[in-house]
Amino acid sequence: MVDRRGYEVISEEDYFNSVMADFKKQYPNMSENPANLLCILARIIARNENARDYDRVTSYSDAYVATATGQALSKAVRAAGISRLSGTRAIGKIVITKDPAVSQVIIPASMAVKSADNEYLTTNTSAIIMNTPTLEVEIASNGVGAIFNIGTNSKFNTVLNIRGITSIVSYGSIFGGTDVESDLALRNRYFSRMGAHSNSSLKGIMDAVMALQDTYLVAGDENNKDTTENNLLPHSFIIYVAGGADKDIAESIMQSKPAGVQTNGDVSVDVVVSGKSHPIKFSRFTDQTVYYRVEVAIDRTIAPPDFKEQLQDVIVNYTKVRSKIVSYEIINHISQEMKSVKGIKTMLFGLTQNPTTNTDITAPSGVNFVCERSNIVVDVI
C-alpha cells in the first residue's frame, strides 16, 4: 500500500500473514481461530510494525526532501502529489509604428522583438501595416519568469531588420511572467502541505466532528493530489457522519479544515464567517446490516434472566461504532462487558443472513455497519 507521501508501506494484513507464517513453522498444528493467543499476538505485532513503518516513512521522506535539489527534489515531492510550479510566460501588446515614407510594412508571423534585456515573439499570423500609421500586436515572452514583466511604453527593437518600422513600444504592461518554483519554495510548500495534514489533518477534522454532542461515528477520505481521484476534487476531502446536527457538523468542519480546501458530500450547510457564507458539505453514512450467530457458554448462577437480550445489545452497540468487524476484538469485548460469559464457542458474522465464517469485514468509505437484535442468533450451551 502507498502512504500519502507516495512511499510503499507494508500493510497490517501483510505483516500479520508474515508473523502467522513464522508461528506455523514453530507450531504446525496451531489453531488459526482469531481468539487463539498466538493469533492475537500476531495481530498486535502486525499493528505495531505497520505503525513504525509510517513513522519511518515520515522521517525518511522529510529528511530526503530537506536535502534534495533540482530534479531529485521534484521527483521526491511528486510522490506526494505535489508538482514543481513550472513558471509562466509574460504576455501583452506592443504598438508598431510605420514610417510614413513607406507604403506598407509586412509583419511576419512570430516576429521576434527584443526589449533592453529580453526577447519576445509576436503571436499574430502575418499582418500588414498599410492604411494606418500603427498596428497593435500581441506578444509573449520566449521564456518563463518574472524577469519578462515590463512596464508601459517600454521600447523594443526587431531582432531581424525590417524596413519601414520607426518604433515599437509596449501598450500597457507586459505581465504574467512567473519564475519556475525554486527548490526552497518547493521544499517549503511540501512541508506546509504535510504540516497542514498534521495540524488540520483528516483525522483532526474527524476528531473535531466526533467530539460533537450526539455524534457517534465519523469517517472520511481525502484527495491531496492535483487531479480528481475517487470522485473527490483535487485537494479536497469528505467527512461521513452518523448522528449529530447538520449545523453543528458543518461549523465544526469549517473551524477545523485548512483554508482553501474544498469539501464534498450530499449534505450542504451554509456557514457564515466574517459576514460571508461558505457552503460546507459532508455526507451521512449508508447503512449495511451485519448478521451474527453466536454460541456461548455462561455461568448460570450469575447470568441474568434476559441474558440473550443483553448479549444482543452488546453486539449491536459494538457493531454500530466499528468500521471493521474483527472476531477476536468482539469476543474480547463481550467477555469484558458480560461477566457471566465463561467462553464463546462460535462467533460467526457476515453481510447476509445465516453467516458461516468469522473472516474480518471492513466497511467501504461512507458505509456504516448496523445491527438489530433480530439480526443476531444466540445459542447458550
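Which of (1) over 17 Å from the mean Cα position of the chain (by Cα); (2) surrounded by fewer than 18 Cβ atoms within 10 Å (Cβ to Cβ); (3) not in a loop (DSSP other than H, G, I, E, B) does Phe191 not meet, given it meets every other one? With (1) over 17 Å from the mean Cα position of the chain (by Cα); (2) surrounded by fewer than 18 Cβ atoms within 10 Å (Cβ to Cβ); (3) not in a loop (DSSP other than H, G, I, E, B) applied to Phe191, the lone miss is (1). Of the candidates Ser61, Ser74, the single residue that is at pLDDT 80 or above, out of contact with any helix residue (DSSP H, G or I) (no Cβ under 6 Å at 6 or more places or on another chain), surrounded by 14 or more Cβ atoms within 10 Å (Cβ to Cβ) and polar (S, T, N, Q) is Ser74. Only residues that are under 16 Å from Lys324 (Cα atoms) and not small (Gly, Ala, Ser) were counted in the range 335-351, giving 4.
For the range 265-288, a residue qualifies if it is over 23 Å from the mean Cα position of the chain (by Cα) and under 15 Å from Ser365 (Cα atoms), and the qualifying residues are Asp287, Gln288. Within the range 314-349, the set of residues being under 28 Å from Gly366 (Cα atoms), part of a helix (DSSP H, G or I) and open to solvent by less than 60 Å² (accessible area, probe 1.4 Å) comprises Val314, Ile315, Val316, Tyr318, Thr319, Ser327, Tyr328, Glu329, Ile330, Ile331, His333, Ile334.
Yes or no, residue by residue, for (1) under 30 Å from Ile238 (Cα atoms); (2) in contact (Cβ under 8 Å) with a residue 40 or more places away in the chain; (3) out of contact with any strand residue (DSSP E or B) (no Cβ under 9 Å at 6 or more places or on another chain); (4) not polar (S, T, N, Q):
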| residue | (1), (2), (3), (4) |
| --- | --- |
| Pro304 | no, no, yes, yes |
| Arg322 | yes, yes, no, yes |
| Ile330 | yes, no, no, yes |
| Ser335 | no, no, no, no |
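Scanning the range 169-181 for residues that are open to solvent by 60 Å² or more (accessible area, probe 1.4 Å) and within 29 Å of Ala68 (Cα to Cα) returns Thr178, Asp179, Val180. Within the range 151-176, how many residues turn out to be part of a loop (DSSP other than H, G, I, E, B), within 11 Å of Ile91 (Cα to Cα) and modelled with pLDDT of 90 or more? Of the residues in the range 151-176, 0 are part of a loop (DSSP other than H, G, I, E, B), within 11 Å of Ile91 (Cα to Cα) and modelled with pLDDT of 90 or more. Residues in the range 358-371 that are surrounded by fewer than 14 Cβ atoms within 10 Å (Cβ to Cβ) and either more than 34 Å from the chain's Cα centre (by Cα) or in a strand (DSSP E or B) (or both): Thr362 alone.
Checking each residue in the range 115-134 for being within 16 Å of Arg163 (Cα to Cα) and touching a strand residue (DSSP E or B) at 6+ places or on another chain (Cβ under 7 Å) picks out Ser126, Ala127, Ile128, Ile129, Pro133, Thr134. The set of residues from the range 200-258 being open to solvent by less than 60 Å² (accessible area, probe 1.4 Å), of a type in the set (D, E, K, R) and under 22 Å from Thr286 (Cβ atoms) comprises just one member, Asp221. Looking across the range 280-301, the residues that are in a loop (DSSP other than H, G, I, E, B) and open to solvent by 60 Å² or more (accessible area, probe 1.4 Å) come down to Arg300, Thr301.
Yes or no, residue by residue, for (1) at positive phi; (2) open to solvent by less than 40 Å² (accessible area, probe 1.4 Å); (3) modelled with pLDDT under 80; (4) over 24 Å from the mean Cα position of the chain (by Cα):
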position	(1), (2), (3), (4)
Asp3	no, yes, yes, no
Ser11	no, yes, yes, no
Phe23	no, yes, no, yes
Gln26	no, no, no, yes
Asp53	no, yes, yes, no
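So, Ser277, is that one at pLDDT below 90 and either farther than 30 Å from Met338 by Cβ or part of a loop (DSSP other than H, G, I, E, B) (or both) or not? For Ser277, the condition - at pLDDT below 90 and either farther than 30 Å from Met338 by Cβ or part of a loop (DSSP other than H, G, I, E, B) (or both) - is met.
Do we have Val272 as farther than 17 Å from Ile205 by Cα, open to solvent by 20 Å² or more (accessible area, probe 1.4 Å) and in a helix (DSSP H, G or I) here? The answer is no for Val272. With the condition kept exactly as written, say whether any residue in the range 280-301 is of a type in the set (Lys, Arg), without any contact (Cβ under 8 Å) to a residue 24 or more places away in the chain and more than 30 Å from Lys342 (Cβ to Cβ). There is no residue in the range 280-301 that is of a type in the set (Lys, Arg), without any contact (Cβ under 8 Å) to a residue 24 or more places away in the chain and more than 30 Å from Lys342 (Cβ to Cβ).
The values are calculated or read from the model by the stated rules, or taken from the named source; none is laboratory data. Note that the coordinates shown come from a computational prediction; the quantities given were computed from them, not determined experimentally. Note that each Cβ is placed from the backbone with ideal geometry, even for glycine, and that neighbours are counted across all protein chains shown. Note: areas computed on protein heavy atoms with side chains; ligands, DNA, RNA excluded. Shrake-Rupley method; radii C 1.70, N 1.55, O 1.52, S 1.80 Å.
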